[in-house]
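Take a look at the structure set out below.
Laboratory data are not the source of any read-out in this text; all were calculated from the coordinates shown. Everything numeric in this text was worked out from a predicted model, so none of it was measured. No Cβ is skipped: glycine too gets one built from the backbone with ideal geometry, and neighbour counts run over all protein chains shown.
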Amino acid sequence: MLPGINIKFSNGNIGTVVPSADGVFGLLASAVAVADTFVLNTAYVVKGMTDVAKLGIVPDVNNYALHRWLSEFFAEAGEGTELWLMGFAKTDKVSDWFTPDAGTGKAPVEALLDAANGKLSALFTAFSPDGTYAPTIEDGLDADVAEARTKAQTLAENYTANKYAPFFTILEAYAFNGTHTDLADLSTESNNRVGVFVGATEPRTGDVATLGASTSLLAGRLARTQVQESPGKVKNGALETLTAFIVDDVVEAYDVESLHDKGYITFRTHIAKAGYYITDGPLATDVDDDYHYISRRRTIDKAFRVAHDVASYEILNDFDLTNDGTIDPIYAKDVEGRIESEIFTQMTERGELSRDKSDNNDLGVQAAFDLEANVSANNTISMVLKVRPKGYARWVDILLGYDVELN
């Protein structure tokens, strides 16, 4: 085993009843190659619709869904936002994209992740198969969605462990039959690196029939907001789209609360506010999971990346030991301080972590080495790293009534 770093995610602690490019995402899409400009299974970087046009991606019958996804993403995220793109043959299923090759052991999406060299913090899908594809409906969706959830979770866990580049994936609720009671309850799963989006900006039987979902809007909103913010944060304003549907029903006419209660991400409206919003950002895992929400997932993943960046400089470093073979406290304090300082600078000061403002020494992060471990015996130094998350006003209770004596 090569000398390196092992960072594990602690879970069950919240009790829930140089800055990184946090919004750099990857798009995995069914596509048709364009001669000389756009090749399948190849990574591309686009920063606006001008770049998309240069690739020859246009809203024709071949790449209509891909072009629409890109146009909606940049409308929401803004021109100039960095996005990595990879197209796959329309004969491939989404689960195929996450399935390791028998020979190389690597899944097709890893080519995009590797090309981005760890920059991608999330992947989004835009599935648009050829006309021969007939989805098998199970639990109200294309059965391949469930298989893709499992494979995407496994890939994300393995890639994070091996490449120190954590990410999550948002899948489409492809071929949703419109009946929310048929859907599986995602909160019974343990896929805290995978979410499923329901809803589109055009009806199922619109000018161009589509069975997919507009993950583009969620991606665009996340790309322009900080890691600790929920995609449904009302203060950030309505989405850019003027239309939103669940199958053929306008969002206002659908029971989106039932979709949310089963752990799906979708569109919603707010009384007396114009436009459409995202419901929230649940992932396909238990509500008691510390990383149930995208905002928690993105925040802890950023802390992971910052901590790894600092700690990686210590690989094969030599340091003094005490008489009993434990780590020198002065060296330990130095490394602890550098990790805390970087996380404070890159996260707490940006409002991405909480701090107790009554305590000037509170940084919103705490790093502590095990000072009692016998390092001379196993050459392993162990640290516990904790960060304080932000709170969220998911529910607001107000008791309103008359009282003559207001004071």
ask   = Calculated from DSSP H runs of 4 or more alone, at -39500 (n - 2.57) each and per residue, what is the 222 nm mean residue ellipticity of the chain, nearest 500?
value = -8000 deg cm²/dmol
task = Report, ordered by chain and residue number, the lysines lying within cross-link reach of residue 163, taken as a straight Cα distance under 20 Å and ignoring same-chain residues fewer than 8 apart.
result = 8, 106, 119, 151, 302
inquiry  = Around residue 234, under 13 Å between beta carbons, what's the net of Lys plus Arg minus Asp minus Glu among the other residues?
reply    = +4
ask   = Net charge near residue 381, counting Lys/Arg +1 and Asp/Glu -1 over other residues with Cβ under 9 Å of its Cβ?
value = -2
task = Measure out, as a whole number of angstrom, how far apart the alpha-carbon centroids of the range 263-310 and the range 64-115 sit.
result = 21
inquiry  = Checking the cross-link filter: which lysines have an alpha carbon closer than 16 Å to that of residue 90, excluding same-chain neighbours under 8 positions apart?
reply    = none
ask   = So what is the relative contact order of the range 54-148, in percent, for Cα pairs below 8 Å that sit 6 or more residues apart?
value = 26
message = Can you tell me how the chain classifies by the Cα gyration tensor, rounded, prolate or oblate, using a/c under 1.5 as the rounded cut?
response = oblate
ask   = By the scheme Lys and Arg +1, Asp and Glu -1, what is the net charge of all other residues having a beta-carbon under 15 Å from that of residue 117?
value = -1
task = Quick one: work out the % antiparallel among DSSP beta bridges in the chain, nearest 5.
result = 50
ask   = So for 362, 185, fewest C-beta neighbours within 10 Å to most, what's the order?
value = 185, 362
remark   = Put in order of increasing Cβ neighbours within 10 Å, starting from the fewest, 395, 69, 84 give 395, 84, 69
